[in-house]
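Participant: Here it is, the structure, as structure tokens.
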Amino acid sequence: MNKSNCKEYHLGELAKLIDGELIGGPDKVIRGVNTLLEADEDEISFLANPRYEKYMSKTSAGAVIVGQDYVPSASDPDLIKCRDPYFAFKQLMVEFYGYRKHPLSGISSDAWIDSTAKIAEDVIIAPFVTVSAEAEIASGTILYPGVFIGPRCKIGRDCVLYPNVVLYEGTILGNRVTIHAGSVIGEDGFGYATHQGRHEKIPQIGHVEIQDDVEIGACCTIDRATIGATVIGEGTKFSNLIAIGHGSRIGRNCLLVAQVGIAGSTTIGDFCSLAGQCGVVGHVNIGDGVRVGAQAGVTNDIRSGMEVLGSPAVPLRQARKIYALLNQLPELRQMLKDLSSELAELKNQVEKLTNQEKDGNYHGG
């Protein structure tokens, strides 16, 4: 990692910054943050997942952030104990490196802005951006090259739209919304009435509303509602390649991992997490705090607080039992065939004995 432009801190300073307990020398100089296996002696690392504890004896890090329940060993480097090592890592990443600096300024003469659009004075608009009629863009927002803002869109303060983001007409963004490259917000929902074998398009007259502090990954799509709004709740974060169907409502502070697909008119509560490649059918309700495992297929409502896995998705404990049997299926199949053969043989013997009794030829012993 390039440390040429990084700040320098003493370990004692970093411990105070993350409200941690230092076990080691407070005067050690730290110049960066890195992983356990890649860190140098002037860098600090972190241990947030127990599966990586095996690397503690191999790390060259000058110090490691650990949980309060971590038991030190003689081979460990200096430690900072804190309540939440991963959040402490985030704090130090911000302190050392900060967030991306946007290499843009002003409003480019190569952008096309409709005369009826309302643009705050300190908005940054790069070349080849289109801002359509009656759009409104609040202060501090940054539009990268190739962004298209449709008619009557409203964009809040301090938003960032990366290259080639498209907002269809009427889309509403709250404050501090980030949308990464290639995502499309407000395209027509997948709405058709099948009549006499033909799929007749239903006009999609609704819109999309994305609330404050949402981050949308690259190449995501969020359909506009047929009527009303598709809503993404405050603080929710999307990874890449996520599709949200028309009229769905995603709650506050949810996490959706790559390749999640949500069909239309689905409601998802607050603080839910949906792991990679899981899919949700339309018109179901998922309660608050639900965790959906990777590649799960949700076909029914899920109560608040549940963890589910599998396709169709079932409670986690049941799913683990099912998956534990999968590798045994060939042996179980053979056992079933053997038992079926034995049962057939027993039936034949019983049938022979029954026939002998009927014929009067059976002499019991």
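Participant: Filter the range 246-264 for residues that are in a loop (DSSP other than H, G, I, E, B) and surrounded by fewer than 19 Cβ atoms within 10 Å (Cβ to Cβ) and give the result.
Facilitator: As a first pass, look at the range 246-264 and keep what is in a loop (DSSP other than H, G, I, E, B): 246-248, 251-254, 257-260, 263-264.
Of everything in the range 246-264, those that are in a loop (DSSP other than H, G, I, E, B) and surrounded by fewer than 19 Cβ atoms within 10 Å (Cβ to Cβ) turn out to be 252, 253, 258, 259.
Participant: Are any of the residues in the range 22-34 part of a helix (DSSP H, G or I), without any contact (Cβ under 8 Å) to a residue 40 or more places away in the chain and either in contact with a strand residue (DSSP E or B) (Cβ under 9 Å, 6 or more places away or on another chain) or among the aromatic types (Phe, Trp, Tyr) (or both)? Break it down into steps so the answer makes sense when it comes.
Facilitator: Residues of the range 22-34 part of a helix (DSSP H, G or I): none.
No: the range 22-34 contains no residue that is part of a helix (DSSP H, G or I), without any contact (Cβ under 8 Å) to a residue 40 or more places away in the chain and either in contact with a strand residue (DSSP E or B) (Cβ under 9 Å, 6 or more places away or on another chain) or among the aromatic types (Phe, Trp, Tyr) (or both).
Participant: Here's something else I'd like to know. Give the residues of the range 85-137 that are out of contact with any Asp or Glu (no Cβ under 8 Å at 6 or more places or on another chain), part of a loop (DSSP other than H, G, I, E, B) and aliphatic (A, V, I, L, M), sorted by residue number.
Facilitator: 104, 111, 120, 123, 126, 129
Participant: Just name the residue that is farthest from residue 280 (Cα to Cα) out of those in the range 219-245 that are over 12 Å from the mean Cα position of the chain (by Cα), among the aliphatic types (A, V, I, L, M) and part of a loop (DSSP other than H, G, I, E, B).
Facilitator: Checked the range 219-245; the qualifying residue farthest from residue 280 (Cα to Cα) is 227.
Participant: Cβ-Cβ below 7 Å, separation at least six or inter-chain, first residue in the range 241-267 and at positive phi, second of a type in the set (Ser, Thr, Tyr): which pairs?
Facilitator: From the range 241-267, the pairs are 247/226; 247/230; 247/265; 253/236; 265/248.
Participant: Oh, and also: Would you check which residues across the range 178-214 are part of a strand (DSSP E or B), without any contact (Cβ under 8 Å) to a residue 24 or more places away in the chain and more than 15 Å from residue 265 (Cα to Cα) and list them? Quick ask: steps written out before the conclusion?
Facilitator: Of the range 178-214, the ones part of a strand (DSSP E or B) are 178-179, 184-187, 192-195, 198-201, 207-210.
Adding the requirement that they be without any contact (Cβ under 8 Å) to a residue 24 or more places away in the chain leaves 192-195, 198-201.
Correct list: 193, 194, 195, 198, 199, 200, 201.
Participant: Would you tally the residues in the range 102-121 being at pLDDT below 95 and more than 14 Å from residue 144 (Cα to Cα)?
Facilitator: Count: 1.
Participant: Continuing with this model, one more query. Is it fair to say residue 29 is exposed (fewer than 14 other Cβ atoms within 10 Å of the Cβ), at pLDDT 95 or above, closer than 16 Å to residue 78 by Cα and β-branched (Val, Ile, Thr)?
Facilitator: Working: exposed (fewer than 14 other Cβ atoms within 10 Å of the Cβ): yes; at pLDDT 95 or above: yes; closer than 16 Å to residue 78 by Cα: yes; β-branched (Val, Ile, Thr): yes.
For residue 29, the condition - exposed (fewer than 14 other Cβ atoms within 10 Å of the Cβ), at pLDDT 95 or above, closer than 16 Å to residue 78 by Cα and β-branched (Val, Ile, Thr) - is met.
Participant: OK, next. So which of 311, 304, 273, 265 ends up being touching a His at 6+ places or on another chain (Cβ under 6 Å), in the same structural domain as residue 186 (by TED's automatic domain parsing) and not basic (Lys, Arg)? Steps first, answer last, please.
Facilitator: Working: 311 fails: touching a His at 6+ places or on another chain (Cβ under 6 Å); 304 fails: touching a His at 6+ places or on another chain (Cβ under 6 Å); 273 fails: touching a His at 6+ places or on another chain (Cβ under 6 Å).
Just one listed residue meets the conditions, 265.
Participant: Can you tell me how many residues in the range 73-103 are more than 25 Å from the chain's Cα centre (by Cα), surrounded by 15 or more Cβ atoms within 10 Å (Cβ to Cβ) and over 30 Å from residue 124 (Cα atoms)?
Facilitator: Summing the residues that are more than 25 Å from the chain's Cα centre (by Cα), surrounded by 15 or more Cβ atoms within 10 Å (Cβ to Cβ) and over 30 Å from residue 124 (Cα atoms) in the range 73-103 gives 7.
Participant: May I pose another question? On the basis of being buried (at least 20 other Cβ atoms within 10 Å of the Cβ), over 21 Å from residue 229 (Cα atoms) and under 26 Å from the mean Cα position of the chain (by Cα), does residue 143 make the cut?
Facilitator: yes
Participant: Follow-up. Identify the single condition in (1) touching a strand residue (DSSP E or B) at 6+ places or on another chain (Cβ under 9 Å); (2) within 19 Å of residue 202 (Cβ to Cβ); (3) surrounded by fewer than 22 Cβ atoms within 10 Å (Cβ to Cβ); (4) of a type in the set (A, V, I, L, M) that residue 227 does not satisfy, given that it satisfies every other one.
Facilitator: (1)
Participant: Could you check residue 45 against (1) crowded, with 19+ Cβ neighbours inside 10 Å; (2) not in a strand (DSSP E or B) and say which number it fails?
Facilitator: The number of the failed condition is (2).
Participant: For the range 9-21, name all the residues that are under 16 Å from residue 86 (Cα atoms) and in a strand (DSSP E or B).
Facilitator: Matches in the range 9-21: 21 only.
The values are calculated or read from the model by the stated rules, or taken from the named source; none is laboratory data. It should be emphasised that the depicted structure is a prediction, and the values quoted were computed from it without experimental measurement. Positions of Cβ are generated from backbone atoms using ideal geometry, with glycine treated the same way; all protein chains shown enter the neighbour counts.
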